[in-house]
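The structure under discussion appears below in the form of structure tokens.
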Amino acid sequence: LLEESKHHLTTGFVGTPYLNLVLSQIGSNDAAYKLLFQTDYPSWLYQVTKGATTIWEHWDGIREDGGFWSKDMNSFNHYAYGAIGDWLYRCVAGIDTDEAAPGYKHIRIDPHPGEGLSWAKASLETMYGLVESGWSVGEGSAMEVQVTIPPNTTASVQLPHAAGAEVQESGKAVAEGDGIHSIERTESGIALTLGSGSYHFTYTTVL
């Protein structure tokens, strides 16, 4: 059980797919990353420490003493706890849909970097073509964000930790970038509206 103010989030078959998504959405991205990298039981990486290459049906399919949860009903390739993948795509890499538009006609890209990862990259083949989103953090808090928007679509892109930063796109001021329809500075970063194409944003993060 995890408590956030007076509201409670539960885990299990019902809660697991939403736990990290909700944490990132309510401003507790650091807690979501902490859960991702936890290695003691119960956790996703606990399974990896036991040699897992797929997600198990039970958190303790192989117990800490090396014994099995059950020899008769103990799947080692099971979806339920694997739902962390949705959060990795939608929040860590930041690829998401716009509920007001048909599937991926207008794309939302809103990556959430966090402690423990220096880079992330994801791609998705849609009916319009390939969508890509990737970010990396280098020395001196240098941030790179690369996105690809397929033909005949648009995208709303949030550049993380960019509020107050001087942003460049492919080596020139972001305001001069081709395919950029709008730029808005927000409290959390810079919001862009992009047309189709590939973009490479660079800036020094402002935390």
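The values are calculated or read from the model by the stated rules, or taken from the named source; none is laboratory data. Keep in mind that this is a model prediction, so the values were computed, not measured. Glycine also receives a Cβ, built like all others from the backbone with ideal geometry; neighbour counts cover every protein chain displayed. Please note that ligands, DNA and RNA were not included when accessible areas were found on the heavy atoms of the full protein model with its side chains. Shrake-Rupley method; radii C 1.70, N 1.55, O 1.52, S 1.80 Å.
Worth pointing out:
- Inspection of region 64-86 finds no residue satisfying the criterion of being at pLDDT 90 or above and assigned to a loop (DSSP other than H, G, I, E, B).
- Which listed residue, of T193, T204, is open to solvent by 20 Å² or more (accessible area, probe 1.4 Å) and touching a residue at least 60 places away in the same chain (Cβ under 8 Å): T204
- Within region 162-178, the set of residues being within 18 Å of G94 (Cβ to Cβ) and either outside any strand (DSSP E or B) or out of contact with any Asp or Glu (no Cβ under 9 Å at 6 or more places or on another chain) (or both) comprises A162, A163, A165, V167, V174.
- Entry remark, region 32-58: residues being outside any helix (DSSP H, G or I) and open to solvent by 50 Å² or more (accessible area, probe 1.4 Å) number 9 in total.
- Scope region 96-131; condition without any contact (Cβ under 8 Å) to a residue 60 or more places away in the chain, among the acidic types (D, E) and either closer than 19 Å to S24 by Cβ or surrounded by 15 or more Cβ atoms within 10 Å (Cβ to Cβ) (or both); matching residues: D96, D98, E99, D110
- Residue in region 68-79 that is surrounded by the fewest Cβ atoms within 10 Å (Cβ to Cβ), counting only those that are over 19 Å from T39 (Cβ atoms) and over 26 Å from the mean Cα position of the chain (by Cα): D72
- Within region 144-161, not a single residue is open to solvent by 10 Å² or more (accessible area, probe 1.4 Å), within 24 Å of L21 (Cβ to Cβ), part of a strand (DSSP E or B) and acidic (D, E).
- Every condition in (1) without any contact (Cβ under 8 Å) to a residue 60 or more places away in the chain; (2) surrounded by 19 or more Cβ atoms within 10 Å (Cβ to Cβ) is met by W87 except one, and the failing one is (1).
Per-residue answers, yes or no, for (1) touching a strand residue (DSSP E or B) at 6+ places or on another chain (Cβ under 7 Å); (2) of a type outside the set (A, V, I, L, M, F, W, C):
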| residue | (1), (2) |
| --- | --- |
| Y33 | no, yes |
| G51 | no, yes |
| F68 | yes, no |
| P111 | yes, yes |
